[in-house]
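What follows is calculated from the coordinates using simple rules that are stated; it is not laboratory data. All values reported here derive from a predicted model rather than from experimental measurement. Because the Cβ atoms are built from the backbone with ideal geometry, glycine has one as well, and the counts that use them run over all protein chains shown.
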Amino acid sequence: MSYLFAILFYVSLGIFAVGLALKIRQYWNTPAPLKIPTTPAPTTQAGVVFRMFREVVFFESLFRAAKWTWIFGWMFHLGLALAFVRHLRYVVSSDAFVWPLINNWLVQFAGQYASLMMLVGLLGLLGRRILVDRVRYISAPSDYLMLILIIIITVSGIMMSFVAPIDIVGLKAFMTGLMVLDWQELPSSVFLIIHLGLVAVLAIIFPFSKLLHAPGVFFSPTRNQVDNPREKRHISDWAKNSGLDSADGV
Amino acid sequence: MKAVLIQLLLVGLMLMMGGAVASDRVSLPKYPQPVGDQCVEPTDIMRREHMNFITHQRDETVYKGIRGIAARHSLKDCIDCHVGYDAQGRAVPINSEGQFCESCHNYTAVSIDCFGCHRTTPDEVSKVRQFTGKP
């Protein structure tokens, strides 16, 4: 079982990293031929950075669009961020200089209880897909499956944290063992098998799924463009040096 | 060129995570050997559940007054067997670096709040001393 999971982790992480890199390259190279920032938009580059910050951290446009989706979505994502930081304790060495940032009561406490916030947010989002008619109409099977997958991962994590504790020293040995190619035994726990197995599945499907909104938000032309079409003429990269870029070219 | 950069980045990342790349062994917590050869519960159960046992025992003791031999999971008894001793034979606080509680709790970033109130070394009338004559 330990070897199976070791291999699964290498493969899934590989697919995740390569797939994500390819996708980001694709986004990077996709032309944005038109100047289309959603107004009111910032007129400076610094303003765009600030707008993107609000978008990524507070989900500003979602807040303006749909309050219920925002509250559940934001609860889930904030919980996910806190839980992620807490999970670093399983891979970062206790000799590392960043260790005091992980090994402190606040981070560990917040990360543990954030899992409950994640679950509330996820159940809210699932309820929205089932109970709101117009959302149910546009929901595809993958929308449900993605939510259910993350819900099971969250619940199995909550079980290990609050109900059926596992040997976390053994778990850290296993995880750090993967990193230094010195494989250790995986502690026995049904919840751990479910948790890690589904995380590997999640990593594998990430580069092919709607979860790509994570890198994708940074490439949204309506969010990442400066509103200065009169001050500075906008020419798509592929149009440069094509004869179309002179003032009277078009 | 791009590939080389990515490789450098990855190696840097791994180094940042603890400089563990150079060693071929996983680092594990190290702590002094306890007295005796059997804990109050099997080792694999203790590894998972010791805090639940101790917290439960606290309630039994505080609410029902169960102490002494009947208190099977008393924190005092943990310390009696698991505390380490320095060269002069003095008990070293069990939550100090490299000692029984601290080594694993620091390894996994779990804070201990027992010792804000409880003592970290055996007291004068430790059960182990009474029954075994060990220090």
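Here are the numbers for the structure shown:
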| item | result |
| --- | --- |
| Ranked A:HIS77, B:HIS56, criterion: other C-beta atoms within 10 Å, fewest first | B:HIS56, A:HIS77 |
| Computed [θ] at 222 nm, deg cm²/dmol, chain A (DSSP H ≥ 4; -39,500 (n - 2.57); rounded to nearest 500) | -20000 deg cm²/dmol |
| Placed amide H near B:VAL92: partners under 5 Å, 5+ positions off or other chain | B:GLY84, B:TYR85, B:ASP86 |
| Between 0 and 90°, nearest 10: helix A:2-29 axis offset from chain A longest Cα axis | 10 |
| Between region B:48-113 and region A:160-179, the Cα center-to-center distance that results, in Å | 21 |
| Folded to 0 to 90 degrees: helix A:141-158 orientation relative to chain A principal axis, Cα | 40 |
| Nearest 10 degrees, 0 to 90: helix A:168-179 Cα axis against chain A principal axis | 50 |
| Additional length obtainable on full extension of the chain from B:LYS30 to B:ASP86, 0.36 nm per residue less Cα span | 18.6 nm |
| Cut-off 11 Å between beta-carbons: net charge of the residues surrounding B:ARG48, Lys and Arg +1, Asp and Glu -1 | -3 |
| Per-pair calculated FRET efficiency, R0 = 51 Å: A:ASN241 and A:PHE162 via Cβ, rounded to 0.05 | 0.25 |
